[in-house]
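Take a look at the structure below.
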Amino acid sequence: MGLKGFLEAVRKVVGSDWVYTEPWMLVAYERDYWPLYVALEARGGVSPEKPVAAVVPGSEEEAVLIVEEAVRQGVKLVPYSGGTGVLGGATGKGEWVALDLGRLNWVEWHDPIGGVVYVGAGALLVEVEEWLNERGWTLRHVPQSYPTAMIGGLIATRSIGQYSTGYGGIEDRVKGVRVVVPGHGLVAVKPAPRRSLLIPLEQLFTGSEGRLGVITGAYLEALRLPECSKPISWLFGSFREALDAVRILVQSRVAPELLRVYDEAESSIYFNADGSVLLGVVEGDCRLVEDRIEIAVGVLGEPEASYAEKWLKERFNVIGPIREAFNAGYAFETIEVSATWGHLYDVYRSIIDSVSSLNGVLIVGAHAGHFYSSGAAIYFTFLLNIENVEHVYWTLWDRVMNAASNSGGSIGHHHGVGRVRGRWLDLEYGLAGVGVIKRIEECLDREGVLRGGTNG
Amino acid sequence: MSKCPVYTTIRVRASAPHVIARAGLKLSRSGDPSEALNLYLCTGCGSCEATCPVNNPLPEAIRASRARLGKPDFEEAKPLYMAGRGDKMLIVSPKRLDESTAEVLAGLGYSVYWLDTTWYTLAYWSGLNPRINIQSFSIVISEDLDAPINGASSPLELLEKTGISVRRRLDKYILHLPCKAGNIGDVVDALGQPKAVVRTCSGAGGGMLHYMEKYSVKMASLVAGGCTMPIVTLCRWSQMAFRKAGLEAYTLLDLVA
């Protein structure tokens with residue numbers, strides 16, 4: 001029983017080459033991009049908790065056998081795909097085994113006429129996108145983690161990308177899913193454009209962060225590559241003014257597919273602009289793109305400067321600003337929330353006000369990057385004094401979560417829960433709602449095989 | 001990550017460029033090599049840097065980190081294929097000195113002379129450097145077939161001037177171009193047109209063949225795509241990896257007398 005028995009058994013399933021216990025192999029799984037761990041590492045003296053082993057299945061069948069063995073032996077598993085999450089969700093605590101999905105990396109058509117592609121959880125987003133582009137299709141799912149994100153993790157965290165205003169989030173791409181559920185084996189949900197059959201299982205697992213089952217594959221709805229794609233930008237006098245203008249475009253259903261609005265602070269830092277930068281990319285049939293730009297200009301005024309082009313060129317440069325922050329003695333954190341339009345600006349101001357008096361925290365600024373008819377998401381960046389980052393970190397989160405909820409907003413838009421947000425989940429769902437989530441987890445995974453990491 | 005030939009072939013997470021870079025950073029902080037041996041899973045091909053949205057100089061950072069590893073005592077040094085300890089080795093390369101490669105070779109017992117042909121060419125033509133007599137070296141590994149040494153316009157011309165000619169011809173062969181090597185003119189002149197030219201990473205560089213042999217051999221075995229034709233490569237390390245993978249492989253220097 002236990003870890004030894006588990007490792008002996010899975011070596012027979014995947015082969016010894018695909019069971020890692022060496023320190024230099026396990027370092028690859030000890031953290032994701034959780035800023036707190038990044039900061040503690042940079043400051044020195046703290047190492048994240050490595051798994052005791054990592055197992056790499058080469059097929060869905062092997063993944064099923066591994067999960068079954070984990071149930072039998074009482075071993076905690078944490079699924080690991082791209083490792084690009086920012087809340088520690090891909091890591092565990094105590095004695096845990098990383099289940100590396102990287103070899104489940106197939107990409108093939110399920111239905112080339114409907115644009116439904118069947119992908120493995122370990123396929124890199126870039127690999128899938130390039131495969132589709134060669135065939136005239138796209139997922140248009142471009143988070144900042146695009147260069148190294150994997151499909152399994154994107155679905156598990158209900159991720160969203162920069163083109164979401166036009167194309168939606170990952171949940172809009174998922175039309176079917178394949179998940180290994182402890183004690184239940186492989187749950188294979190066929191792709192369908194829509195279904196109404198009791199519980200929508202493909203959506204149940206989308207965003208479940210590896211706590212209900214191990215995603216091994218998915219059926220994603222791709223989109224035709226747009227004929228034209230045009231960047232455009234504006235400068236507004238204030239963040240509030242820009243948000244009000246954008247709401248009109250969004251609710252009229254003519255907003256750019258990619259749309260971002262920066263508050264005054266971030267506009268100054270990233271664009272050296274005095275005011276609020278609004279940038280976008282309009283895509284589609286070339287004739288319609290021109291018409292929509294004309295409509296946008298009618299609502300927002302004449303476009304200015306080339307903020308959109310500058311941003312498109314630098315959007316994946318995360319390392320540069322992080323390095324600058326560390327060199328100046330600061331760690332960083334980003335927190336995203338959302339609200340309906342009627343509460344949006346109040347949520348923004350409440351968060352700024354709640355944090356402004358917090359010692360050891362500097363607010364960099366915020367931007368809104370995902371828009372809906374009913375509202376939008378706002379993404380805050382903070383700098384924390386690295387010397388006492390542990391204390392300040394949790395106080396910061398507490399203030400932001402409470403400020404967001406108390407002013408009518410939602411406490412989390414697309415980063416998930418990981419090892420951070422669970423302690424405030426009742427603000428969003430109430431105690432009854434949190435109880436329902438816990439009950440679902442306990443029903444699906446009685447032995448708690450998949451709850452070795454996140455705090456839910 | 002998607003462009004790293006090592007990761008995309010062997011699918012070992014520890015070989016992803018950013019994971020290797022992090023191992024190097026940890027090594028610089030802790031000095032503990034046990035968590036950084038995946039530094040030998042980078043062949044230095046440069047694909048990550050070329051496709052990085054911000055052109056992060058990862059290969060250079062990884063090389064610098066790898067130099068810190070020195071000679072780990074967990075494994076005995078193995079002799080180079082076809083050569084023995086104490087031999088004088090000349091490495092002819094358009095790249096500047098790769099310290100980690102030179103250190104590995106010195107660790108295997110070779111007396112290594114690295115000829116940076118870009119610098120050498122300029123210095124020689126301006127009279128600052130004497131000629132180098134390549135005959136005095138036991139083994140010459142050349143990555144630069146354009147290198148004008150001893151007044152010859154190319155190493156092949158030099159070899160012909162000293163009475164060396166192609167002693168073995170191949171009916172058909174695949175030409176493997178290792179990373180950063182582009183010129184195939186001399187090879188084609190000597191051996192005839194290859195049936196195919198492949199640029200796939202052989203998995204041999206950066207110490208990978210020596211310290212991570214099974215992964216290196218796996219990559220080498222896939223280069224020819226299942227074809228059984230002999231492979232002619234411009235890189236001695238690649239040649240060794242191909243042979244370990246059971247393929248018939250030569251460098252140009254193997255085929256001349």
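The values are calculated or read from the model by the stated rules, or taken from the named source; none is laboratory data. Note that the structure is a prediction, hence the values are computed from the model and not measured. Neighbour counts run over all protein chains shown; Cβ positions are idealised from the backbone, glycine included. In case anyone asks, the SASA skips ligands and DNA or RNA and just uses the protein heavy atoms, side chains included. Shrake-Rupley method; radii C 1.70, N 1.55, O 1.52, S 1.80 Å.
Worth pointing out:
- Accessible area of chain A belonging to carbon and sulfur atoms, whole % at 1.4 Å probe: 51
- Here the range A:187-265 is treated as a Stokes sphere of Kirkwood radius computed over C-alpha pairs; at 25 °C and 0.890 mPa s its diffusion coefficient rounds to 145 µm²/s.
- Integer Hz, Karplus 6.51/-1.76/1.60 couplings in order for the range A:294-303, x for Gly and Pro: 5, 5, 4, 5, x, 8, 9, x, 5, x
- Counting charges near A:TRP394 (Lys, Arg +1; Asp, Glu -1) among other residues having Cβ under 12 Å from its Cβ returns a value of +1.
- The angle separating the long axis of helix A:239-251 from the principal Cα axis of greatest extent in chain A is about 70 degrees.
- The residues A:TRP394, A:TRP34, sorted by heavy-atom accessible surface at 1.4 Å with ligands and nucleic acids left out, run A:TRP394, A:TRP34 from largest to smallest.
- Spatial separation of Cα centroids for the range B:13-31 and the range A:110-176, in angstrom: 28
- Only beta bridges with both residues in the protein assembly as shown are counted; by DSSP, about 70 percent of them are antiparallel.
- Each Lys and Arg adds +1 at its Cβ and each Asp and Glu adds -1 at its Cβ; summed about the Cα centre, the range A:363-451 shows a dipole of about 120 debye.
- By definition, a body whose alpha carbon gyration tensor gives a ≥ b ≥ c is oblate when a/c is 1.5 or more and a/b is not larger than b/c, and the range A:340-456 fits this oblate description.
- Dipole magnitude of the protein assembly as shown, debye to nearest 20 (Cβ charges: Lys/Arg +1, Asp/Glu -1, about Cα centre): 1540
- Note on A:TRP109: accessible area is roughly 70 Å² with a 1.4 Å probe, heavy atoms of protein only.
- Buried area at the A:B interface is about 2500 square angstrom, summed over both chains, from accessible surfaces computed with a 1.4 angstrom probe.
- Using alpha-carbon coordinates, inclination of helix A:341-356 to the longest axis of chain A, degrees: 80
- Degrees separating the helix A:3-14 axis from the principal Cα axis of chain A, which is the longest one: 80
- Expressed as a fraction of 2.2 N^0.38 Å, the value expected for a compact globular protein of N residues, the C-alpha radius of gyration of the protein assembly as shown is 1.06.
- Distance from the alpha carbon centroid of the range A:229-296 to that of the range A:307-386 works out to 18 angstrom.
- A:TRP341, A:TRP234, reordered so the largest accessible area comes first (probe 1.4 Å): A:TRP341, A:TRP234
- Here the contact order of the range A:172-267, divided by its residue count and restricted to Cα pairs under 8 Å and six or more residues apart, works out to 27 percent.
- Taking packing as the residue-averaged number of other Cβ atoms within 10 angstrom, the listed peptides B:222-235, A:409-422 run from highest to lowest as A:409-422, B:222-235.
- Accessible area of A:ASP32 in the full protein assembly, 1.4 Å probe (Å², nearest 10): 0
- Accessible carbon and sulfur surface of the range B:217-257 relative to its total accessible area, %, 1.4 Å: 60
- Gyration tensor (alpha-carbon) shape descriptor, the range A:300-387, a/c threshold 1.5: oblate
- Cα gyration tensor shape of the range A:298-347, rounded if a/c is under 1.5, else prolate or oblate by comparing a/b with b/c: oblate
- Whole-number D in µm²/s for the range A:139-291 (Stokes-Einstein; Kirkwood sum over Cα pairs; 25 °C, 0.890 mPa s): 140
- For A:LYS438, a cut-off of 15 angstrom between C-alpha atoms picks up these aspartates and glutamates, skipping any fewer than 8 places away in its own chain: A:GLU209, A:ASP426, A:GLU428, A:GLU447.
- Under 5 Å, built H, 5+ apart or other chain: amide partners of B:THR251: B:THR233
- Accessible surface, per residue, of the range B:209-257 when the full set of protein chains is kept, probe 1.4 Å, Å²: 33
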